[in-house]
Each structure stands twice: as structure tokens, then as C-alpha cells.
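Quick notes on the structure that follows.
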Amino acid sequence: MATILIIEDDDIVRKLIRKILMQEGHEVLEADDGQAGSKLAQASHPDLIVCDVMMPKMNGYQVLELLQGDRETKTIPFVFLTAKSEKHDMRQGMQLGADDYLTKPFTKNELLGAITTRLSKLSSLQKKYADEAAENKLKLSQLAGKDPLTNLPNQLALRDVFNGILERKLRAFPGKGAPHQLQSKNLVSVFCLGLERFSRITETFGYDLANLLLKAISDRLKTTVAGAGSVIRLTGNDFCVLLDPLEHKQEITSIAEKLVLAFKQPFPIETQDIFIAISIGISLYPRDNLDIGKLLRSANKAMLQARNLGGNQYQFFTAALNVGKSNLVTLETDLRYALERNEFEVHYQPKMDLQSGKITGAEALLRWYHPQRGAVSPVQFIPLAEETGLIEEIGEFVLQEACKQLNIWQTNGLKNFRMSVNLSARQFNQLNLHQRLSRILIENNIDSQDLELELTESTLVQNSEVAVRRLKALKTLGLSIAIDDFGTGYSSLSYLQQFPFDKLKIDRSFVHNIHANRSNSAIITAIISMAHQLGLKVIAEGVENQAELEFLKRHGCDEMQGFLFSYPVSAKEFESSPFVSASFESDLVQ
């Protein structure tokens, strides 16, 4: 049965309608004037509204017009009651969006007939939309996990493929505990394959032939590892091979040699015989790590080593590849003193609404200016800060500075602006994070809805149940939460539905030259569509040219940030930007 709201100032008529509807098993809500009725409709979202036209405070036309302007109530079926029977009165209501008219006096059958018809149509539409949404979601989920060019599993499906291998491995050795507790001789191999000088093919022959070559490469990879593992296309000209458990390292070496040998044969594409070499890096589960993201990064380091040695060969990952920097110890020492010596500075990269072109907020990004080293790349010091635990203190510094700066800007007139701050894995796992954030918000007089936290998916998937609980706790503060660098943590979007996110940020590796990359364009289109179905806004980062911007705008992406619009800049430079200064309601106090 349905919940029906009656808005009628005549007590006798209202009670009569209530009695009829309750006899039919409907739940009834009542209001005796238009103003109270509109508020009740917005608060309760009934299944149908029966409303008188002539009422005090607010007439029926005004009630309908108000509810039609509200996204949450505009689809509620609306039936007018009126003593007027002139056509122009009925036409006025229908033009405003009314679904039916009942002229007083009316019979019980007329009332129930109108209500039954409208509820039946509403039910049919809801079922139709639900069926279409479910079908689209299934199709998009399949597309998001499949590379449309090669028909291989793509980067988003990598974790699922890896977990499938581990599950089969556990079944093969029952009674021995979790997969990572198995003997190390049962190794799962992660191959990272890089195609050498592939950009020359695109430059010489164009994208169409390059795509044909990628298809041929994927076919040869599948043929070479047939029955021994799975092939995944990561992005661009990078592939991954996940081998089923093997007992001897020599078996892994044998497959690596077969792959190198397979690429010594030409690829006949149209009228061309094209030679392409590969470099292969290999990491081993569980020896090198337990997480597929970290295993792939290790394999990538080994692949780069193979490339530096001349390519067309393979290299296993070793711990030595993680060192390789003679100044690592001194860099750590300098990092420990950086906060104390005020060497850190927070820069801000604006975010733009793709439809309105207005500034919606900024991402706070840490910069380190060392007196001797100069500007130290975040790529160098952020991983070191995470490894040493310094990221907790540094991360709180960024939160404090960003909120302090936001308060200054808001005091000087900046409205409708949200500050985004990255949260590291160590910060996210702090037991008192909720209290720390509350204190920072209070100290800086910041409304919680103006602060957005960005977390990478790799931070969350390690222990998803705990992560969900912590995210829900953070949401109670009123914060907005975004998943950052989506696609690089190797999780499917469907896997991440369990997390209470508000926004999804597409990683720059997918955005680069998206207008010319059919594979990435198909993936991003699918991600945007599915994210919107899940109620998430989508931000694209790393937008560097107009063609990328136009593609994202055309396909419904909500926001963007990138060098095309602005580099990360200091607070003073941010304020002087013409895009930003227009967003202030009053002049900034310098």
C-alpha cells in the first residue's frame, strides 16, 4: 500500500478522503493548508499527493510549483481537488505538472480510480527504471572490467583476477590456512611487460595501425601463456601476466624466456612486418609482498631495470631495486627536521565545475623547499615519510594549514568552496583520527561540509570491513570523502560500492590523451556513467589540453583539475588568479 498526503483546508472533505483511503489500506498524512502541506511533502516524500486548489497561506498551484522545483519531490504524482470546472483552471494545473483533476463533489469510485491509476503508472515507471538501471549497471560493470580494444581484463579487474588465483591456490592445498601461509615454493608470479619504443609505431603509422598491433600483441601473449596464467592490459602499452602457482623458479624463468622469444618474431600488420621488443619485470607472491598493488609496483621496478640493461630481457625484483639512492639516509634526516625548520609549504590547485566553469574548491598539496636541495619532489619524500611514520605529523600540518587558509578565504568572502586534503594510510588508521579532525575544524572555525578528504583505494582495500567502519565514523562529522587516483589501486568499481564515498577522482594516467585513446575513453565513459548511477560525482585530474577537457565535458564528468587550468600554486598566487578572485564576494585583505 502507498503513503498518500492530503492537503485540504476543509476538515469534512479531508476526513472523508482519509477514511476512504485508510479503508483501502493506505497510510495517510494530512495538512490543512498549502504551506504546511508543502513542508510535509518535502520531509516525508509520499507516494502521491491529493491537494485542494483554493487554500489559505498557499494555494494548490503554488504548492505544486514549489514541489516541482525540488528534485526530491518533482516526480511525486499530484492530483488536484477543485470546485472549479473551467478548462483554463484545469489547463493551468496541468501546465504546472499536475497528473489529474477531481472536481468537487466527487464519488468514492472517482477518487480511488484516479489514485489507483496514478500509483499504477508510478509503479510501472519505477520498475522500468529499476530494470534499466540494473541492466546498464551490469553492462557497465562488465565494460569497466574489460579492455574494449583487446578484450582482455583491464587494470580495474586486476585485483579480482589475482584473488581468483589465490582462491584456487588455497583449494589446491586444503587445511593449510590462508594462501600467504602456504610454502614459498608455491609461487604466484606477477609479470609487468613494457613494450619498447611503441610510441614510434603511433608516430609513424597512426593510431589505427597501432591499435591493430596492440590486438596482435594481446593475442600472442595469450597464446604464449595459454593454460599457465592470465593476461591483463594495464594502460597504454603496458601489460601484466599473472601466472598460476608454480613450484620451481625455473618454471617461471622458462615462461619469461618464451615471452621474450615470442616477441623476436615480427607482427604482420596489414602490409607491414613490425618488430616490437619487450622488457619484463617479475615479482613473486608471497616472497616479495602479499598485495597485488605493491607486487605490481615491484614488478614495474624490475621491468625498468630490464629496460635500462638494454631491453628485450627479463629481470626479477630484488630488494636492491628499492635502495638505489645514495642520499636516502641523509634525505630522511633532512625530512625529520623539515617541519621544525618551516621548510614545508602548502600549495593549492583549483578544481573547476565542467558545466558552469566556476571554481568549486581546491586540493591542498604539500611542497618541500630545502635550503640546499631546493624543491624536493613529493615523489621522493612522501613515500619516505610514509615508511618512517613522519607522514602522520606532516599530514596533520597540511590539514591545519589548509583549514587555516580556508578560514581566511571564507572570512574575506569566498563562498561555496570546498578544501580537499589527502589522507595517508597511516593517518587513516590512527585510532584518534575522528577527534583530531574535530579539533582542527573547531580551532579553525570551519564548517565540516567545506572539508573533503581524499583517500586512495589501495589505502582501503587492505581491510575493507575496518575501512568501512572508519569511513562511516568520519561521515558523522559531515565531511565529504573522495576516492583518489581511481584505477591505480587495481580494484573494480563494484568492489568499492561498499564504501560511503561522495566523489571519485579518475587518475591522470587514464585522462592523458583520452580523446585519442579508444581503450581509456571507453573505460572513463563507463566509470562516469556507473559512478553517476551510484550517486557519486566524478573528478578528472591531470587535464592538460583542450581536447581532454572537451571529451570529459561531453561525457558528463562533473569536475576537473589540471595544468590546463592551473598548476598548484601558493595561497597568494591562488588569490590573485582571475578565476579565483571572481569567486570572492569582497576584496581579499592582503
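The values are calculated or read from the model by the stated rules, or taken from the named source; none is laboratory data. Here the structure is a predicted model, which means the values were calculated and not measured. Neighbour counts are summed over all protein chains in view; Cβ atoms, including those assigned to glycine, are modelled from backbone coordinates with ideal geometry.
Worth a mention:
- Any hit, segment 507-527, residues being closer than 30 Å to Ile440 by Cβ and within 13 Å of the chain's Cα centre (by Cα): yes
- Residue check for Val79: in contact with a Lys or Arg (Cβ under 8 Å, 6 or more places away or on another chain) and either within 24 Å of Leu21 (Cα to Cα) or of a type in the set (A, V, I, L, M, F, W, C) (or both): yes
- Residue selected from segment 197-239 under the condition part of a strand (DSSP E or B) and either basic (Lys, Arg) or touching a Ser or Thr at 6+ places or on another chain (Cβ under 7 Å) (or both), by the criterion surrounded by the fewest Cβ atoms within 10 Å (Cβ to Cβ): Thr235
- Checked against the criterion of being surrounded by 16 or more Cβ atoms within 10 Å (Cβ to Cβ), modelled with pLDDT under 95 and out of contact with any helix residue (DSSP H, G or I) (no Cβ under 6 Å at 6 or more places or on another chain), the candidates Leu246, Leu182 yield just one match: Leu182.
- Among the residues examined, Ala385 does not qualify as surrounded by 22 or more Cβ atoms within 10 Å (Cβ to Cβ) and closer than 18 Å to Phe574 by Cβ.
- Tally, over segment 187-197, of residues that are farther than 30 Å from Glu167 by Cβ and over 30 Å from the mean Cα position of the chain (by Cα): 2
- Unmet criterion (only one of (1) crowded, with 19+ Cβ neighbours inside 10 Å; (2) more than 21 Å from Ala157 (Cβ to Cβ)) for Ile282: (2)
- Hits in segment 345-359 - residues which are surrounded by fewer than 20 Cβ atoms within 10 Å (Cβ to Cβ) and among the hydroxyl-bearing types (Ser, Thr, Tyr): Ser356
- Condition met for Ala226 (at negative phi and in contact with a helix residue (DSSP H, G or I) (Cβ under 9 Å, 6 or more places away or on another chain)): no
- When residues of segment 259-275 are limited to those that are loosely packed, with under 13 Cβ neighbours inside 10 Å and in contact with a helix residue (DSSP H, G or I) (Cβ under 9 Å, 6 or more places away or on another chain), the one nearest to Gln313 (Cα to Cα): Leu261
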